[in-house]
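J.: Submitted below is the structure of interest, expressed as structure tokens.
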Amino acid sequence: MSKNTKAYLITAFIAVFFVVGFFAFKEALPEDKNQRVYNILKPYLPYELEKRLGGLTIIYKDGREKEKPKSANIFLITDEIDKEWGREYLRVKNGILEILDRDKSVIKSVEVSQSELAWLRSFFGENIEK
């Protein structure tokens, strides 16, 4: 092989490595969240994250066993837990977000803007408006 061919192969290998790395990084990122609404919901979410030496641990508030996922998957898993919880314990009526308890009683109500409502629909699903 000539020097030019080797240089092209090395350059192509490095480029492919960066492209694959970029897509892997982008896939591991959590979905965008509306900070105001998400901060209101945080105390009611069914888990907390605990820092540990090897990454993060998901500690469930209902006493289930701790979950220690790989660091690359932690935010994808917490997004799924958030969505499942939201489908069950959130509802929107006339622009008011209602957070429900296990008995389906309203424990907190918050007025949301149109952009916040759009985020709620996209993150938790269209059926949040009951």
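The values are calculated or read from the model by the stated rules, or taken from the named source; none is laboratory data. Since the model is a prediction, treat every value here as computed from it, not as a measurement. Every residue, glycine among them, receives a Cβ derived from its backbone with ideal geometry; neighbour counts consider all protein chains shown. Accessible surface is based on the protein model in full, side chains and every heavy atom, while ligands, DNA and RNA are left aside. Shrake-Rupley method; radii C 1.70, N 1.55, O 1.52, S 1.80 Å.
J.: Is it true that some residue in region 63-76 is in contact with a Ser or Thr (Cβ under 6 Å, 6 or more places away or on another chain), farther than 22 Å from residue 104 by Cα and surrounded by 12 or more Cβ atoms within 10 Å (Cβ to Cβ)? I'd like the intermediate steps shown before the answer.
T.: Keep residues of region 63-76 that are in contact with a Ser or Thr (Cβ under 6 Å, 6 or more places away or on another chain), which gives 66, 68.
So of that shortlist, the ones also farther than 22 Å from residue 104 by Cα come out as 66, 68.
Going one step further and asking which of them are surrounded by 12 or more Cβ atoms within 10 Å (Cβ to Cβ), we end up with 68.
Scanning region 63-76, I find at least one residue that is in contact with a Ser or Thr (Cβ under 6 Å, 6 or more places away or on another chain), farther than 22 Å from residue 104 by Cα and surrounded by 12 or more Cβ atoms within 10 Å (Cβ to Cβ), so the answer is yes.
J.: Here's another thing I want to ask about it. Scan region 25-38 for residues that are at pLDDT below 90 and out of contact with any Ser or Thr (no Cβ under 8 Å at 6 or more places or on another chain) and report the count.
T.: 8
J.: Ok, one more. Mind telling me which of the residues 51, 42, 104 ends up being surrounded by fewer than 12 Cβ atoms within 10 Å (Cβ to Cβ), without any contact (Cβ under 8 Å) to a residue 12 or more places away in the chain, in a strand (DSSP E or B) and of a type outside the set (Phe, Trp, Tyr)? So that I can check it myself, show each step before the final result.
T.: Values: 42 fails: in a strand (DSSP E or B); 104 fails: in a strand (DSSP E or B).
Exactly one of 51, 42, 104 is surrounded by fewer than 12 Cβ atoms within 10 Å (Cβ to Cβ), without any contact (Cβ under 8 Å) to a residue 12 or more places away in the chain, in a strand (DSSP E or B) and of a type outside the set (Phe, Trp, Tyr), namely 51.
J.: If I filter region 70-81 for residues that are touching a Gly at 6+ places or on another chain (Cβ under 8 Å) and polar (S, T, N, Q), do I get at least one hit?
T.: The first filter runs over region 70-81 and keeps only residues touching a Gly at 6+ places or on another chain (Cβ under 8 Å), leaving 70-71, 74.
Next, from what is left, pick out any that are polar (S, T, N, Q): 71.
Yes, some residue in region 70-81 is touching a Gly at 6+ places or on another chain (Cβ under 8 Å) and polar (S, T, N, Q).
J.: Further, regarding this structure: Within region 78-94, how many residues turn out to be acidic (Asp, Glu) and open to solvent by less than 20 Å² (accessible area, probe 1.4 Å)? I'd like the intermediate steps shown before the answer.
T.: Within region 78-94, the subset acidic (Asp, Glu) is 79-80, 82, 84, 88.
Filter once more, so that each one left must be open to solvent by less than 20 Å² (accessible area, probe 1.4 Å): 79, 82.
The number of residues fulfilling the criteria is 2.
Yes/no matrix, rows are residues, columns are (1) assigned to a loop (DSSP other than H, G, I, E, B); (2) farther than 30 Å from residue 126 by Cα; (3) free of Cβ contacts under 8 Å to residues at least 24 places away in the same chain; (4) within 13 Å of the chain's Cα centre (by Cα):
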{"residue": "5", "(1), (2), (3), (4)": "no, yes, yes, no"}
{"residue": "12", "(1), (2), (3), (4)": "no, yes, yes, no"}
{"residue": "33", "(1), (2), (3), (4)": "yes, no, no, yes"}
{"residue": "65", "(1), (2), (3), (4)": "yes, yes, yes, no"}
{"residue": "80", "(1), (2), (3), (4)": "no, no, yes, yes"}
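J.: Moving on to the next point. Among (1) under 21 Å from residue 122 (Cβ atoms); (2) part of a helix (DSSP H, G or I); (3) modelled with pLDDT under 85; (4) not basic (Lys, Arg), there is one condition residue 22 misses while meeting the rest; what is its number?
T.: Failing condition for residue 22: (1).
J.: Quick one: residue 26 ticks every box in (1) open to solvent by less than 100 Å² (accessible area, probe 1.4 Å); (2) more than 26 Å from residue 107 (Cβ to Cβ) bar one, so which box is it?
T.: (1)
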